[in-house]
Amino acid sequence: MHKFSVRLVIALAAVIFVVPASAALRDQSPAPAAHPHTLHFAGSIASLGSDSLQVQVERTGPRDGELQGKQVSVAIDANTKIVSEGQALSFSDLKQGERIMVLAETNSAQLDQGLVAEKIRVLAASGSSR
């Protein structure tokens, strides 16, 4: 009976001390990295910065509806492709007020945060020289 009591005390001690310690270690593990979310939207250029633009969103893709009607900041990087009527453009060719379609990516849970443009397509206005 004495051996059983000792084993029982050891087992209970393990449960009391080891399980909470392993749970505490598990809580300190880093959060998993966010998966990128690809967004599709169209709108007009509200303003241009040195490496970003503000877009007044007028239309969105089916999963990006929370952007509808918002003004969002979209970063431009070396990988961003900008086109108009099949011709490559540079960021400096963009003008305030132009209507564009944007394919962008974000790692943020908030779809309107951390947007980086992958592709921007300038939509030709009627009578446009582009």
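The values are calculated or read from the model by the stated rules, or taken from the named source; none is laboratory data. Model, not experiment: these values are computed from the prediction. So basically every Cβ, Gly included, is an ideal-geometry build from the backbone, and we count neighbours across all protein chains shown.
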* **Residue that is surrounded by the fewest Cβ atoms within 10 Å (Cβ to Cβ) [pool: residues in region 114-130 that are modelled with pLDDT under 80 and of a type in the set (A, V, I, L, M, F, W, C)]** => 125
* To do: Would you point out which residue out of 69, 97 is at pLDDT 95 or above and exposed (fewer than 13 other Cβ atoms within 10 Å of the Cβ)?
  => 97
* Is it true that some residue in region 93-111 is under 13 Å from residue 42 (Cβ atoms), of a type in the set (Gly, Ala, Ser) and in a strand (DSSP E or B)? -> yes
* With respect to the numbered conditions (1) modelled with pLDDT of 90 or more; (2) under 19 Å from residue 62 (Cα atoms), which one is the sole condition not fulfilled by residue 111? -> (1)
* Taking only pairs six or more apart or across chains, which ones have beta-carbon atoms under 7 Å, a first residue in region 87-99 that is on the phi < 0 side of the Ramachandran plot, and a second residue that is in a loop (DSSP other than H, G, I, E, B) and surrounded by 13 or more Cβ atoms within 10 Å (Cβ to Cβ)? -> 91/76; 99/123
* Could you grab the pairs with beta carbons closer than 8 Å, sequence gap of 6+ or different chains, first residue in region 26-52 and modelled with pLDDT of 90 or more, second one of a type outside the set (D, E, K, R) and exposed (fewer than 12 other Cβ atoms within 10 Å of the Cβ)? => 44/97; 45/96; 45/97; 46/96; 47/96; 48/96
* Hey, does region 83-92 have a residue that's hydrophobic (A, V, I, L, M, F, W, C), more than 21 Å from residue 35 (Cβ to Cβ) and assigned to a loop (DSSP other than H, G, I, E, B)? -> no
